[in-house]
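In what follows, a single structure is set out as structure tokens and then discussed.
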Amino acid sequence: MKPRVMIVEDEQALNLLLRYNLESEGFEVDIVDRGDEAELRIAEAVPDLVILDWMLPGVSGIEICRRLRARSETKHLPVLMLTARGEESERVRGLDTGADDYVVKPFSLPELLARVHALLRRSNPEQTMKVLVAGDIELDREKKRVHRGGRELHLGPTEFRLLEFLMVSPGRVFTREQLLDSVWGREAYIDERTVDVHVGRLRKALSRGREIDPIRTVRGSGYSFNEQFAKAS
Ligand code: CA
């Protein structure tokens, strides 16, 4: 599920710019241009993060923030405040508005995006994909369990980490050396052929000899999780 970001801002040009950039970063974006409307929309469905302008028609950003903090459902909702230079900046700087972070307009887009990502990671680490799904394979990163077609598969810890690593970047080809570094750790002094052994075990556990093999061997390069397979979910 895509993380949902609500933008509460009355500057249309800025909204378009933010929408375009957040959507291309994989967020679902909801735009509201009035403070009072934002409150209604949040009450209907709480987003994962709010980008909130300070000066708004209806209810001000600071007031919305205060009200969000007062309600149990939105008490911990991450809020990134937007403020114009000089505009009550002392209070924003002190963050006694209840906002988690703020940026001063005009801001740089990469900076804003970085803050959005940081806030989401901080507030809701499990949001960063607790369960990876590809085709009929489901990998639960917290419970350390893998299911295929609803049936649980029993993988060794190395096979689990290997699968998790490959599933995060479908289509990307990793060399044996990269896999050793990422799955076994840099400290491990293991022969690269060990990778082949574990990939073999993983394949066996995944396909049980009958089902489609989601792992691709790229001759002369390494391994990757089949992108077509991942898309078929
Ligand atoms: Ca404004």
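Bear in mind these aren't lab numbers, they're just calculated from the coordinates by the rules spelled out. Bear in mind that the values here come from a model prediction, so they are computed numbers and not experimental data. Glycine also receives a Cβ, built like all others from the backbone with ideal geometry; neighbour counts cover every protein chain displayed.
Positive end of the dipole of the chain (Cβ unit charges, origin at the Cα centre): among Phe107, Pro157, Gly200, the Cα lying farthest that way belongs to Gly200. Only lysines eight or more places from Lys2 in sequence, or on another chain, were considered; those with a Cα closer than 19 Å are Lys130, Lys231.
Only alpha carbons enter this Debye calculation for the range 1-121, each as an equal point scatterer, and the log10 of I(q)/I(0) it gives at q = 0.15, 0.17, 0.19, 0.21 Å⁻¹ is -0.59, -0.78, -1.01, -1.28. The magnitude of the dipole of the chain, with charges of +1 and -1 set on the Cβ of Lys/Arg and Asp/Glu and taken from the Cα centre, is near 1200 debye.
Computed on the range 129-231, with alpha-carbon pairs under 8 angstrom and 6+ residues apart, the relative contact order is 29 percent.
Straight Cα distances below 16 angstrom link Lys105 to the aspartates and glutamates Glu9, Asp10, Glu11, Asp53, Glu87, Glu88, Glu90, with same-chain residues fewer than 8 positions distant left out. The calculated FRET efficiency for His117 paired with Glu211, based on their beta-carbon distance and R0 = 22 Å, is about 0.05. Under the criterion of Cα pairs below 8 Å and six or more residues apart, the relative contact order for the range 4-124 equals 22 percent. For the range 4-124, the dipole from Cβ point charges (+1 on Lys and Arg, -1 on Asp and Glu) about the Cα centre works out to 440 debye, to the nearest 20. Rounded to the nearest 20, the Cβ-based charge dipole of the range 166-232 about its Cα centre (Lys and Arg +1, Asp and Glu -1) stands at 320 debye.
For Val104 and Asn21, the FRET efficiency from 1/(1 + (r/R0)^6), where r spans their Cβ atoms and R0 equals 22 Å, is about 0.75.
If a/c stays under 1.5 just call it rounded; otherwise compare a/b with b/c (prolate if a/b is bigger, oblate if not). Do that for the chain, with a ≥ b ≥ c from the square roots of the Cα gyration tensor eigenvalues. It comes out prolate by the Cα gyration axes.
In the chain, the DSSP beta bridges split such that about 50 percent are antiparallel, to the nearest 5. Could you check which residue among Pro106, Pro214, Pro170 shows the biggest mean-square fluctuation in a GNM of the chain with a 10 Å Cα cutoff? Greatest mean-square fluctuation among the candidates belongs to Pro106. Computed on the chain, with alpha-carbon pairs under 8 angstrom and 6+ residues apart, the relative contact order is 13 percent.
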